[in-house]
Each structure stands twice: as C-alpha cells, then as structure tokens.
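Engineer: Before anything else, here's the structure in question.
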Amino acid sequence: MKKLASVCAGLLLCLSTSVFAEEHLDAALEHANAAVAEGKAGKAPSLVTHAKAALDHSLAASLVAKSIPKNHIDAASNSLQEAIDHGNLGHAQPATKSAEEAVGHLNAAKN
C-alpha cells in the first residue's frame with residue numbers, strides 16, 4: 001500500500017510541475033509577443049518592460065521544465081536578456097530581433 005501511495009504522489013508531482021511550467025510558458029510568450037510589438041513600434045523602453053516580465057516567467061518555467069522544452073526555454077531566456085540589453089541602450093531594431101528569437105523558442109517549447 002505504501003508503494004502505491006508513493007507512486008501516486010510521484011505522478012501527481014510530475015503532473016503538477018508540468019502545469020506550472022505551462023502557465024509560466026504562456027505568460028512568457030504573451031509578454032515576449034508584446035515586446036516584439038513594442039519594438040516594431042520603435043518603443044525600446046516598453047520593449048524592455050515586457051522582455052523583463054517574459055524573462056521572469058521563462059526562468060520560472062525553466063526551473064520545472066525537462067528535456068527539449070527546457071533547452072528552448074533556456075535559449076528564449078538568453079534571447080530575452082539580449083533584447084533587454086539592446087533595449088536599455090535604445091537599440092529597438094536589434095532588441096526586436098532578439099525578442100522575435102525568444103518567441104520562436106517559446107513556441108517550440110510549447111510543442
């Protein structure tokens with residue numbers, strides 16, 4: 001009986017971590033898309049705001065993600081950091097390109 005309880009508890013833990021990763025992944029994708037939109041409008045400060053929020057969520061998703069999705073989430077986090085760095089310098093075009101790369105990685109992590 002203890003083994004069955006342990007197995008059930010382990011399965012529930014695995015399922016719950018996937019749900020947490022999915023929620024953070026969705027939020028990261030939403031903010032990354034908003035960052036791209038702001039960058040295309042030439043608004044580097046707004047891009048940075050959304051990219052920072054997306055980075056926070058992608059880092060949270062990375063903590064509970066596994067395997068190939070984790071690799072994409074980590075790559076998205078790197079791209080978001082590049083977007084923040086360029087945006088802080090007022091370089092909207094390279095920041096937008098980095099944010100677009102992050103969106104691509106986040107989409108790949110969802111699939």
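The values are calculated or read from the model by the stated rules, or taken from the named source; none is laboratory data. Being a predicted model, the structure only gives us computed values, none of them experimental. Here the Cβ is made from the backbone with ideal geometry for all residues, glycine too, and neighbour counts use every protein chain on show.
Engineer: Out of the stretch 67-111, which residues are under 10 Å from the mean Cα position of the chain (by Cα) and among the β-branched types (Val, Ile, Thr)?
Structural biologist: Answer for the stretch 67-111, where residues must be under 10 Å from the mean Cα position of the chain (by Cα) and among the β-branched types (Val, Ile, Thr): ILE73, VAL103.
Engineer: Out of the stretch 47-77, which residues are in a helix (DSSP H, G or I) and over 17 Å from ALA27 (Cα atoms)?
Structural biologist: SER67, ILE68, ASN71, listed by residue number.
Engineer: Which number in (1) modelled with pLDDT under 95; (2) surrounded by fewer than 24 Cβ atoms within 10 Å (Cβ to Cβ) marks the one condition that ALA109 misses?
Structural biologist: (2)
Engineer: SER46 is checked against (1) farther than 14 Å from ALA108 by Cα; (2) touching a residue at least 40 places away in the same chain (Cβ under 8 Å); (3) not hydrophobic (A, V, I, L, M, F, W, C) and fails just one. What number does that condition carry?
Structural biologist: (2)
Engineer: Now for a separate question. In the stretch 1-35, how many residues are modelled with pLDDT of 70 or more and either in contact with a Ser or Thr (Cβ under 6 Å, 6 or more places away or on another chain) or not in a helix (DSSP H, G or I) (or both)?
Structural biologist: So the count comes out to 1.
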